[in-house]
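Submitted below is the structure of interest, expressed as structure tokens.
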Amino acid sequence: MSRQSSAFLSELPSAPAYNPIDEAIRKTADPETAHALQCFANMPASTGVFANPVRYQHAVTCDGTTLDLSIRSFGLRGCLLEDDIVAGSADTLRVIFVGLFGRVENPDERRTFSRLLSSEFHRALRRRLPELAKFVKKFPDAGADVSTQYMSAVRKATEQTGGVNLSRTPAAVLRDLIRTHLENCVAAAGSSYMRFVSRSRTHSSPGMLLRETERFLESIAEKNPFHIIFSLLLHRKVHPAEARILQTFGTIQIHHGSAGSNMVARYLASLHTKSVSDLFTAAQMTLDCARHFGAITGMTELVAELEHASPSRRDELIRQRAVQGNLPAFGHPEIAAAGRTNRLELDPRPAIYLAPLFDAIDSGSMYVPEHRMKRVEIVQRIYQLAFVEGIEKPGRAGVLRVTPNTDFGAWIVQEVLGIEESDRTLLSYVFRGFGWMMDVREQLQQPIIRPVIPPDPAIVPPPASSGELPNIVDAVHLRLSNNGAFVAAATPN
């Protein structure tokens, strides 16, 4: 890669100038208010990366009742919308590029950046698989998270790793971030495949695990890093329809504002961590917390419980969990996703994940195996009770409805495709890692981070009166509201 062709790696989007705290201090005449605001005066002003406002007002029918939904839809850097991903005009590479550099790439930059990601990933395969095979042999039941943390420890013990600080050029830090994250992705996805091999060959040696993994990689003859990761997770070559589903799912996951893992990445960047490895390890550990992506694990546990109950008992258990506010993958701490009125906020991400899955089922390019069909039908029933029918509680007026969050769609997609339960936060990690890089690059230009930072008004997408997103929400909602959602729809005459 020539220095000229990779010059854009040195670009750093300017930190946003929007500072609501300073503005409020300037305007207030109340000394007590001014004193309270002064406590936040040294915090970063805002973020120029991500904004997720309500953009659509849309009505749906739930069991004969019309609900008015406020649908959030994100924008990245003020020049790329969630709608662009849904419409297919922004792919994974473009989303990453826009988030890192604050603009859309030109054709030469696209080729260069694509080659950079591909070359670093394949270099990671050569560098890390031998050591990974030894680890999996010794700890065959260790999850992908443990494999990446082990690889991070090996990297720190055997290499002089660079840190995250202002003495290094933006390009040098970015290259380290990309290299480290892709090595971690290799460790995570590679360990999943090696565990799969180890289960069928209990007396396999590290050399055999390595050879079988290398043979598999040769057999799929794939260059796209993300498709290789998909295949390792599926333990077979990913089909085009599956790749589209997983690519859409992952691309939407790349960034999500003030999520806990993003905040941890910002904190470590603010504190100038001595090791890039530590930044990814800390953010990944946060991602796996029970109140972050733990809802996916919670849904797996709930489904296992409901599988052994009669249909009537299932409904009772689901209602109990909903009333207790303990229904995994439903509700959200930051949006009004639950209520007893006919107005609710809705996260469109589950519908975005499920739409290409339903397209693949209807086209005949994918079917749901019987044992998985039973499990996804249980989750569909949760949707019907929690959102479509709603929950009535004695002594309380109104019907309680709770909308699904991102983990609802994520769980169904990965269940249908057969991704192992222990690996179901891994895809989020693979793609969210690039979002952490975006945060790091911005955070280095600001002082310490605060828990929640407001978006610069310049990047907030305006309200939209029409678009593809509400249509997708409509279609997925209608399908889930009726039985047989995961069976191919009949083709009209």
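The values are calculated or read from the model by the stated rules, or taken from the named source; none is laboratory data. Just so it is clear, the model here is predicted, and its values are computed rather than measured. Methodologically, a virtual Cβ is constructed for each residue, glycine included, from the backbone with ideal geometry; neighbour enumeration extends over all protein chains shown. Side chains are part of the model used for accessible areas, which takes the heavy atoms of the whole protein and leaves out ligands, DNA and RNA. Shrake-Rupley method; radii C 1.70, N 1.55, O 1.52, S 1.80 Å.
Give the carbon-plus-sulfur fraction of the accessible surface of region 145-262 in %, rounded to a whole number; probe 1.4 Å, heavy atoms of protein chains only.
In region 145-262, the share of accessible area belonging to carbon and sulfur is 55 percent.
From the residues 323, 226, 17, which one has its Cα farthest along the dipole of the chain in the positive direction, the dipole being from +1 and -1 charges on Cβ of Lys/Arg and Asp/Glu about the Cα centre?
226
So what J values fall out for region 352-368 if you push phi through Karplus, 6.51 cos²θ - 1.76 cosθ + 1.60 with θ = phi - 60°, rounded to Hz, Gly and Pro as x?
Karplus-based 3J(HN,Hα) across region 352-368 equals 5, 5, 7, 4, x, 5, 5, 4, 5, 5, 5, 7, x, 7, 8, 9, 9 Hz.
Work out, step by step, the length gained on full extension between residue 22 and residue 108: first 0.36 nm times the residue separation, then minus their alpha carbon distance; give nm to one decimal.
Length gained, residue 22 through residue 108: 26.8 nm.
Let me ask you something else. Could you give each residue of region 257-272 its phi-based ³J(HN,Hα) in whole Hz, using Karplus coefficients 6.51, -1.76, 1.60 with θ = phi - 60°, and x for Gly or Pro?
So the J values, rounded to whole Hz, are x, 8, 4, x, 5, 5, 5, 5, 4, 5, 4, 5, 5, 4, 7, 6.
Continuing with the same structure: Name the long-range amide H neighbours of residue 55: under 5 Å, sequence gap of 5 or more, or other chain; modelled H, no Pro or chain starts.
Those qualifying (amide H under 5 Å, at least 5 residues apart or on another chain) are 71, 72, 73.
Now for a separate question. Using only the Cα atoms of the chain, construct the convex hull and provide its projected area averaged over every direction, in square nanometres to one decimal.
Projected over every direction and averaged, the Cα hull of the chain covers 26.9 nm².
With an 8 Å cut-off on Cα pairs and a minimum separation of 6 or more residues, tell me the relative contact order of the chain in percent.
25 percent.
With contacts defined as alpha carbon pairs under 8 Å and 6 or more residues apart, what's the relative contact order of region 4-54 in percent?
In percent, rounded to a whole number, it is 44.
Mind checking the full-extension length gain between residue 54 and residue 205? Use 0.36 nm per residue of separation minus the Cα-Cα distance, one decimal, nm.
Value of the extension gain: 49.0 nm.
Pop the C-beta distance of residue 372 and residue 215 into the FRET formula with R0 = 25 Å and round what comes out to the nearest 0.05.
0.35
What's the lysine pair count for the chain at a Cα cut-off below 24 Å, pairs eight or more apart or interchain?
Pairs that pass both the separation and distance tests number 6.
Ordered by packing density, taken as the mean number of other Cβ atoms within 10 Å over each peptide's residues, highest first, how do 268-281, 132-145 rank? Walk me through the numbers before you get to the answer.
On the way: 268-281: 21.1, 132-145: 19.1.
Put in order of decreasing packing, that is 268-281, 132-145.
Can you figure out the FRET efficiency of residue 167 with residue 7, using R₀ = 25 Å and their beta-carbon distance, to the nearest 0.05?
0.75
Which cross-chain or sequence-distant (5 or more) residues have an amide H under 5 Å from the amide H of residue 50, H modelled 1.01 Å from N in plane?
Answer set, sorted by chain and number: 77.
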